[in-house]
Amino acid sequence: LTRGMIRIESGRSGRTIVRFNAFERAVHWMTAACFMVLAISGLNITFGRPLLIPLIGLQAFAEWAQWAKYAHNYLSFPFTIGVVLIFLMWIGGNIPDRIDLEWIKRGGGLIGHDHPPAKHFNAGQKMIYWIVVLGGGAVAVTGYLLMFPFYAAGIEGMQTAQAVHSIVGILFIAAMLGHVYIGSIGMEGAFEAMGTGSVDVNWAKEHHSLWLEQEKAREAAADARAAAAAPAE
């Protein structure tokens, strides 16, 4: 049966391992913060008038909508930079492989108490990565076509950009809601990866066992090199 919050079955070990460095976390949170404002302000452009005018009145809505549009335009630039950096930082760990097929076949461990092996990123995280890279790229390109009308597109091009921007934007928001859930209250220990940068070793063993083995092997090799380089007493 499917579960509620996915717990660390073996409990916390009290030992942690670094999963994301400070730069990776800064890029993630900058992009996430921009995305949240872009999502709210974008939804306002599409649905704000019928939803908010009856609640707050025309004048208050006009003021809010103006500032929301400024935020939508200007925060698109750091968001786009964030998407590019995410692409460059994590492309190496997000190429699909055979391990992902096994992870998908086993339902990602969401059913029962299964823990399919995964490297640094599992198949679900890889899907989120490509949604961010391709979806973020699509909303960025179409957004700039709309922000600077008729520089690079005619009437038909602008209409296509409007449709793509709206549809991809809605799908992007839906995917990110799922990502936020599983990365926070949906899985014990998951938020720490982007919160502090380190995760409990038992969490890593259950959800990213192949990555944990690689990290342990790397640490052992580093210790061996350090011991070999140390002067004999």
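Here are some notes:
- Out of Leu38, Leu52, sole residue that is closer than 26 Å to Ala193 by Cβ, among the hydrophobic types (A, V, I, L, M, F, W, C) and open to solvent by less than 90 Å² (accessible area, probe 1.4 Å): Leu38
- Against the test of being under 30 Å from Asn122 (Cα atoms) and not aromatic (Phe, Trp, Tyr), the options Ile56, Ile40 yield a single qualifying residue, Ile40.
- Looking across the stretch 152-197 at every residue that is open to solvent by less than 60 Å² (accessible area, probe 1.4 Å) and of a type in the set (Asp, Glu), the one that is modelled with the highest pLDDT is identified as Glu192.
- Only listed residue being assigned to a helix (DSSP H, G or I), closer than 27 Å to Met194 by Cβ and either in contact with a helix residue (DSSP H, G or I) (Cβ under 6 Å, 6 or more places away or on another chain) or β-branched (Val, Ile, Thr) (or both), chosen from His120, His72: His72
- Qualifying positions in the stretch 17-26 - surrounded by 14 or more Cβ atoms within 10 Å (Cβ to Cβ) and either charged (D, E, K, R) or more than 18 Å from Ala190 (Cβ to Cβ) (or both): Arg19, Glu24, Arg25
- Options Leu134, Leu145; residue that is within 25 Å of the chain's Cα centre (by Cα), without any contact (Cβ under 8 Å) to a residue 24 or more places away in the chain, surrounded by 18 or more Cβ atoms within 10 Å (Cβ to Cβ) and in a helix (DSSP H, G or I): Leu145
- Only one entry of Glu206, Glu215 meets the criterion of being charged (D, E, K, R), within 21 Å of Thr16 (Cα to Cα), open to solvent by less than 30 Å² (accessible area, probe 1.4 Å) and touching a residue at least 40 places away in the same chain (Cβ under 8 Å), and that entry is Glu206.
- Count - residues of the stretch 6-16 that are open to solvent by 60 Å² or more (accessible area, probe 1.4 Å) and not in a loop (DSSP other than H, G, I, E, B): 1
The values are calculated or read from the model by the stated rules, or taken from the named source; none is laboratory data. Everything quoted here is computed from the prediction, not taken from an experiment. All Cβ positions, even for glycine, are placed from backbone atoms using ideal geometry, and neighbour counts span all protein chains on display. Accessible surface is based on the protein model in full, side chains and every heavy atom, while ligands, DNA and RNA are left aside. Shrake-Rupley method; radii C 1.70, N 1.55, O 1.52, S 1.80 Å.
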